[in-house]
Amino acid sequence: MHLTGLEAEHFRNLEHIQLEPDPSYNLIVGQNAQGKTNLLEAIWLLTGCRSFRGVRERDLVGFDQEVMRMQAAFRDSRREQHITYAIQKSSREKKITLNGVPLRGGSRLFAQFQCVVFTPDDTMLIKGLPDKRRNFLDLCCAQIRPKNMDVLRRFENLTIQRNQVLRSIGAGNGTPLDLAIWDAQLAVAGAHLSHIRHSYVQRFAPVCARLYSIITGGREELTVEYQSGMYRDYEMPETVTEPMQDYYLRKLTMSSTDDIRLGYTSIGASRDDLLFKINGKPVRDFGSQGQKKSTALVLKLAQAEIYRHSQGQSPVVLLDDVMGELDKSRQELVYSIVQEMQVFITTCNEGAVLGSDRGMRITIENGKIL
């Protein structure tokens, strides 16, 4: 999969850019605050996901502008496809089309165009709160099977509804019996989500271990563990079973008294986490800054590799201001993984990036491509 064309108007500070990128290697050069990361963000938006910067959509529209517009073309393993994407600031209206067909949201884009992005902030996957790691894991699971996102959304909606009932009961406007219908549905959705996450980590962990071993020359061993918020001492079956769902339901029922007091669901897949260890010690607590950065990089490279093997095509890889901070061995590892993928790399100092003489060099200044 690769992007064949991109045109963006009033996307942040990008007044009007037009680009036909190289199918393999694209080095984006410029000083700070010129628009390099904005270009990566524009490409990422084409996946249908929210900005990797976590901003509001209206903030993507340029200053003193009313509408942001993009149009893009990409080629997958079968054909070339076309996307248009527009956001109106005042009404917050978003208009998206795929091959000329209007879409109600970005979920159809997610099923068609895939990227893996790595930014300096991704060390928060290691040292941040569990929700960062859950979101990352769910994105990985949905990339290889978009319908997994439907399971996640159903689980989240049922959790919200159960929490509302819990607060209502706590306020004296109901009884614990009112939870039964929600517990039964949440147990099914939670069991499926837990199984999806566990199955992915079973594939993910050995890839991460292999890549990290290459980075460190075999001197350090990285392990990745799935920590279930429900099935802590439960042996996960090959497929979701009725006993697995019944176990989830029993645990929900047993926690109902505490949940009513707290006003929220205190156990289950909403408490899942990932644990990363180097040589047996948690990276979050004992890892150096270099180890945390290397671990985060390996997670993203493993994500890209699993997608490629699962889907028979590669995602587009976006690397924001990270290559120049890596030593030669780490850069060489990155290139060995992404050599068959289209990659966009931003840098202020192209001399610090290996392979700067390859592919296309894109220079950005004041939101314009020179």
Condition set of a type in the set (Val, Ile, Thr) and buried (at least 19 other Cβ atoms within 10 Å of the Cβ), scope the stretch 180-200, selection farthest from Arg133 (Cα to Cα): answer is Val188
Suppose we keep only residues that are of a type outside the set (A, V, I, L, M) and open to solvent by less than 80 Å² (accessible area, probe 1.4 Å) within the stretch 68-78. Which one would you say is nearest to Gln18 (Cα to Cα)? Phe74
Name the single residue, out of those in the stretch 348-370 being open to solvent by less than 10 Å² (accessible area, probe 1.4 Å) and of a type outside the set (Gly, Ala, Ser), that is nearest to Ser213 (Cα to Cα). Val353
Are there any pairs, at least 6 apart or on different chains, whose C-beta atoms fall under 9 Å, with the first in the stretch 94-110 and in contact (Cβ under 8 Å) with a residue 60 or more places away in the chain and the second exposed (fewer than 12 other Cβ atoms within 10 Å of the Cβ), and if so, which? Arg108/Val101
Ile43 passes all but one of (1) farther than 19 Å from Leu103 by Cα; (2) among the β-branched types (Val, Ile, Thr); (3) modelled with pLDDT of 90 or more; which number fails? (1)
Which one of Asn99, Asn32, Asn13 is touching a helix residue (DSSP H, G or I) at 6+ places or on another chain (Cβ under 7 Å), more than 28 Å from Gln339 (Cβ to Cβ) and among the polar types (S, T, N, Q)? Asn13
Among the residues listed as Leu193, Leu275, Leu211, Leu252, the single one being more than 28 Å from Ala296 (Cα to Cα) and either assigned to a loop (DSSP other than H, G, I, E, B) or of a type in the set (A, V, I, L, M, F, W, C) (or both): Leu252
Any residue in the stretch 49-60 that is within 16 Å of Pro120 (Cα to Cα) sitting within a Cβ distance under 9 Å of a residue that is at pLDDT 85 or above and part of a loop (DSSP other than H, G, I, E, B)? List the pairs, counting only those 6 or more apart or interchain. Phe52/Thr119; Arg53/Thr119
For the stretch 27-86, give me each residue that is over 25 Å from Asn349 (Cβ atoms) and acidic (Asp, Glu). Glu57, Asp59, Asp64, Glu66, Asp76, Glu80
Considering only the stretch 172-179, I want to know if a residue exists there that is closer than 26 Å to Tyr234 by Cα, open to solvent by 10 Å² or more (accessible area, probe 1.4 Å), in contact (Cβ under 8 Å) with a residue 40 or more places away in the chain and part of a helix (DSSP H, G or I). no
Close pairs (7 angstrom Cβ cut-off, 6 or more residues apart or separate chains): closer than 21 Å to Gly280 by Cα and in contact (Cβ under 8 Å) with a residue 12 or more places away in the chain in the stretch 216-245, polar (S, T, N, Q) and surrounded by fewer than 16 Cβ atoms within 10 Å (Cβ to Cβ) anywhere: Glu220/Asn279; Glu221/Ser213; Glu221/Asn279
Determine whether Leu262 is open to solvent by 50 Å² or more (accessible area, probe 1.4 Å) and of a type in the set (A, V, I, L, M). yes
Regarding Leu40, is this residue of a type outside the set (Lys, Arg), over 24 Å from Ile369 (Cβ atoms) and surrounded by 17 or more Cβ atoms within 10 Å (Cβ to Cβ)? no
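The values are calculated or read from the model by the stated rules, or taken from the named source; none is laboratory data. What you are looking at is a predicted structure, and each value in this text was computed from that prediction instead of being measured. Positions of Cβ are backbone-derived with ideal geometry, glycine not excepted, and every protein chain shown enters the neighbour counts. SASA here: full protein model, heavy atoms, side chains in, ligands and nucleic acids out. Shrake-Rupley method; radii C 1.70, N 1.55, O 1.52, S 1.80 Å.
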